[in-house]
Every structure is written in structure tokens, then in C-alpha cells.
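K.L.:
Got a structure for you, written out below as C-alpha cells; questions coming shortly.
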Amino acid sequence: MRFVINILVLLSLLAVEPVWAQTEEAVAQAEAVEETIEASEQGEELDVKQVVLSHIADSYEWHICSVGERHISVPLPVIVRSQSGEWHCFSSSKLHHGHQYEGFHIAEEGAYAGKIVEQTADGEQIRPLDFSITKTVAGLFVNCAVLLLIVLCVARRYRNDQHDSKAKGGLAGVLEMVIESVMDGIIIPCVGPNYRKFAPYLLTAFFFIFVNNLMGLIPIFPAGANVTGNIAVTLVLAMATFFAVNIFGTKDYWKEIFWPEVPTWLKVPIPIMPAIEFIGLFTKPFSLMIRLFANILAGHAIILILTCIVFATAKMGAAVNGAMSAVSVVLSIFMNCLELLVAFLQAFVFTMLSAVFIGAAQHTEEHEHETKQIENNTNN
Amino acid sequence: MGLLQPELGLLFWTSLAFGVVLFLLCKFGFPVILRSVEERRKFIDSSIDAAHEAEVRLERVTLDSEAIVEKAEAERQMILRSAGEERDRIVTEARAKAEEEARRIVAEAREQATEEREQILRDGRQQVAALAVALSEKLLREELRDRQSQTKLADRLLDEINSQTTNTEA
């Protein structure tokens, strides 16, 4: 257990050591685009867009690096349900280079480019039900395991605590500090008197996003997958908040939506305000989803593009390439630092907005009264 | 745009993973830590309260003892002062009494002296009178040894008396 914790600490150190992370990333990226470089040496241009998108988008195998002609990648299980209703499960290595396996192959172009499609008898391409463990899913699992390990190991140290136990040091101390700041900074003030009920969910959301963001910044396998920069992941998170808000919403909250306190003509013949409020139900989680997705995606894209400067300028001569490489490294270091901040900030913002939405749905007349009284007292 | 289309498989796996993580952390993770931290916070708060109370109490005790010392000091001062006053008063009183006594004794002595002097004077006068009478008796006896002289004296006395009476009648 001790060993595992040490490894985890090392990994987290990696995340806060941008220079190292940067070099590693540069190496990984360099190898990732080597193939393209070779191609460009043969007269083709480096396709930066392709490089960036191939990292950002999901894939069926986890590409680590390429050495010369050899591609080193981790094959991942493909789980698909064919048209006939059968489930197929096989390694993604079977689909290399457009190979077809059991009637499935990865589409090169068209609407399903990059996805597994099924070739039917009449030559049509159909998208099967695809539950494959893709790179994002694998990364997600790794990150979840890391998160569970960290939190549960720390929780184990707390289990037999007495009320007069001393404060913990090490990882537990760090985690406790973060938990405390999230509790005191976001959850208690935003959710209000009911905060105990929602604190575990909000903390889980915070740490889930935070760990995934940080792991996304570490460029070495098994970290480095673009998890929170994938819209499906953020959609699930936003849905979780949506359910937390609406399932536990009070009567007053629903009344505010369908019969808000506005002039009657705004709601009786044409329910303008109720309609707006109702749409607001969905735009709130939607904004959560898009915000997290776009921020992390953009961060990954910028770092990759900055790294690609090195290879894009490779043909312009040693002087230009050297200068631009230096610029690229400096900018990448800066961006990695910025992304560290963004990783925390986005987790923080997501949790805070979730807490605010939940707190708004918890509001009742009494609470309002109470909070007003408290405000009055504090003002006095 | 492929990036903006959530994949069904990914949605499923994410929901599953997040669900499992949420369940595990909500059951075994955060509540344990939160409870412990909360308890520790309460303990620290109560300890601080207790420390404050002890401090206040100590301060009060210190104040009390200081007050007691001060009071004792004041009492000592007062006792010393009153003792001095008493002493002065006694001395003054004694002096006054002694003076009065002395004055009284002097006065008494003077009175006695006066009395004695008068006594002496009176005694002297009596003795002078008795001496005069005795002398005149002796003189008379000497003078009136014969009959003739006695008659002469008687005559002369009678004359004197007569003249005296005439004088008074005149």
C-alpha cells in the first residue's frame, strides 16, 4: 500500500512539475508525430491538424509512440453489437491499417470516420452499437482507479480516528486541506443549510474532474488521455448535477419555475416566464458541459499545437528550427502552467456552479427568511 | 463535428465509472474524512473555548489575589497610621493631663502657702497682742503698787471717760 501511495505521489508530482512534464510531453509528442515527419521528409507536409485531432479525438488503441516504422501502442478491447444482434469482443489490434475483422473495420472517411463500422452484404456501412473500451474509456478507468486509491487510502487512515486525534500529514493532509477549502469555499456557502446531504456528491465531482484534468496533463502512458475534454464525459457529469438539482428540488423550487413571482401577464395567456425558466433547467447543465469540455479541449489543443511548431519548422533550416523550438518549449512550459491552473479552476467552477444550482433548488420560504435574518444580523 | 457528438459507448462507460466512483466515495470516502475533520474541528473549538475559559479564570484569580494583596497593604497602612495617631493622641493627652496636674499642684501649693502665711501672720499678731497685754499688765502692776497711784489712775480714767462722753454728747 505504501508503495502504491508513493507511486501516486510521484505521479501527482509529475503533474505539478511542468518542466519535467513538458519535456516528457515534448518527447512523447515528438515520437507521436515522427511518422508524419518521415512522411513530410518524403515530400509531404506535416499535418498539424491531423496530429492534434488524432490526440484529442477518441481512438480504439492507445498510441504511445512510434520508433521508426514500429508503432508502439496498447491495443484495447473492442466490444460491438452487430446488426444480427450478436456481441463481438476482440482486440483492436485486429483492425490495424484498415483490416477487416468479423465484418468490422474502422471507417477511413465519411460520417463515421475513425469509428468502427460494419460492412453489410449490400456494401453499406452501418454504425454498430459500440461499447468498446476506447482510449478515453481506458484513461477514464485509470483516472478513476487513481482517484479511488487516493481517497480510499486516505479515508482508511481516518476510519479509526477519535475526536482528539491529531491532524494527518502527507497525502492525507493535502487531501484534507483541499476538501476543507472546497467545503468552506464552495459547498457550505453555496448549498446552504442542507449541505451535508450534497457534500459527498460535490466533493466527488470536484475530485473526479480535478484528477482527470491533471492526469490529462501528464503525457506518459497510462495518463495523458483527453478525458474531461470529451463531451460524453462532461455530459455525464452535467447530467449528474442535473439529477441532483431536480430530484432533490423543493416545492418552492418547482413553483419558481412554473409560477414565478412576476407580473401575471408574463405567465397567464402565454407562459413566457415559465417557458424561459423551463428552458433554463436544461441550459444550466448544458453550460456546465460545454464549459468544462471546451476549456480542457482547448488546453490540450494549444499545448499540442505549440509542440508541433518544432516539427512544422523542421524543414526551414537549423537556425529557424532551433529558434522556433526554443520558442515552442518556452510557450509550452507557460501553457502547461496555465493548464494546471485551468485544471483546478474548471473543477472548482464546475463544483461551484453545481453547488449554486443545488442550493437554489433547496431554497424554501423558511430558508429565505432564515438567510435574510442571518444577513441582517451580519450586517448589523 | 465529431468532437461535439457524445458517443453512446463512452456515455455508458463514463456513467458506469462515475457511478461506481460516486458510490464508493460517498460510502467509504468522503463521509469518513468529513466526519473525522468535523470532529477534530469541534474538539479544537471546544479546547480553545476551554483554554479561553481557563485564561479568564486565571486572570480573575490573579486579579483577586492582587486585590487581596492591595487590601492587606491598605489595611497595614491604615493600622500603622491609626497606631501613630493613637500614640500621638496618648502622648498629647498624657502631656495635657500632666500639665493640668502640675498646675493643680502648684495652685494647691500656692493656696496652702498663702494660708500658712496668713496663719503665721495671725499667730504672730496674737503673740504680739499677748506680749503687749503681758507687757502692759507688768507695766500696770509696776505703776499701781500704791493706793495713791491707783486712785490717780482711776480718776484720770474717769476723766477720760467723762471727756469722752462729753465729746460724744457735744
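K.L.:
Say the dipole of the protein assembly as shown comes from +1 at the beta carbon of Lys and Arg and -1 at that of Asp and Glu; which of A:Leu340, B:Ile90, A:Val211 then lies farthest toward its positive end?
P.N.:
B:Ile90
K.L.:
Might you report the magnitude of the Cβ-based charge dipole of the range B:18-144 about its Cα centre, with Lys and Arg at +1 and Asp and Glu at -1, to the nearest 20 debye? Don't skip to the answer; put the middle values down first.
P.N.:
On the way: 22 positive and 28 negative charges, 149 e Å.
Result for the range B:18-144 is approximately 720 debye, rounded to the nearest 20.
K.L.:
Take the Cα atoms of the protein assembly as shown, find their three principal axes, and give me the spread along each one in whole Å, biggest first.
P.N.:
226, 71, 48
K.L.:
Can you list the lysines whose alpha carbon is less than 27 Å from that of A:Lys197, not counting same-chain residues fewer than 8 positions off?
P.N.:
Straight-distance partners of A:Lys197: A:Lys166, A:Lys168, A:Lys251, A:Lys255, A:Lys284, A:Lys372, B:Lys27, B:Lys42.
K.L.:
Treating the beta-carbon of each Lys and Arg as +1 and of each Asp and Glu as -1, no other charges, what is the dipole magnitude of the protein assembly as shown about its Cα centre, to the nearest 20 debye?
P.N.:
860 debye
K.L.:
Please give the FRET efficiency for A:Leu266 paired with A:Ala113, using the beta carbon to beta carbon distance and R0 = 60 Å, rounded to the nearest 0.05.
P.N.:
0.80
K.L.:
Charges on Cβ only, +1 for Lys and Arg, -1 for Asp and Glu, centred on the Cα centroid of the range A:180-379; of A:Leu288, A:Val268, A:Pro189, which one is farthest towards the dipole's positive end?
P.N.:
Of the candidates, A:Leu288 comes out farthest on the positive side.
K.L.:
Moving on to the next point. Could I have the simple spin-label model distance between A:Phe282 and B:Arg87, label points 7 Å from Cα toward Cβ, reported in nm to one decimal?
P.N.:
10.7 nm
K.L.:
Calculated FRET efficiency, B:Ser46 and B:Cys26, Cβ-Cβ r, R0 30 Å, to nearest 0.05?
P.N.:
According to the calculation, E is roughly 0.55.
K.L.:
A follow-up question, please. R0 = 30 Å: FRET efficiency of B:Arg156 with B:Ala129, Cβ-based, nearest 0.05?
P.N.:
Working: r = 24 Å, r/R0 = 0.80.
According to the calculation, E is roughly 0.80.
K.L.:
For n ≥ 4 DSSP H runs only, could you compute -39500 (n - 2.57) per run for the protein assembly as shown, divide by its residues and tell me the 222 nm figure to the nearest 500?
P.N.:
After summing the helix terms and dividing by residue count, I get -25000 deg cm²/dmol.
K.L.:
Using only the alpha-carbon atoms, how far is helix B:30-143 inclined from the longest principal axis of chain B? Give it as 0 to 90 degrees, nearest 10.
P.N.:
With rounding to tens, the tilt is 0 degrees.
Here, each number is a calculation from the coordinates, and none is a lab measurement. All figures in this text were calculated on a predicted structure; none of them were measured in a lab. Methodologically, a virtual Cβ is constructed for each residue, glycine included, from the backbone with ideal geometry; neighbour enumeration extends over all protein chains shown.
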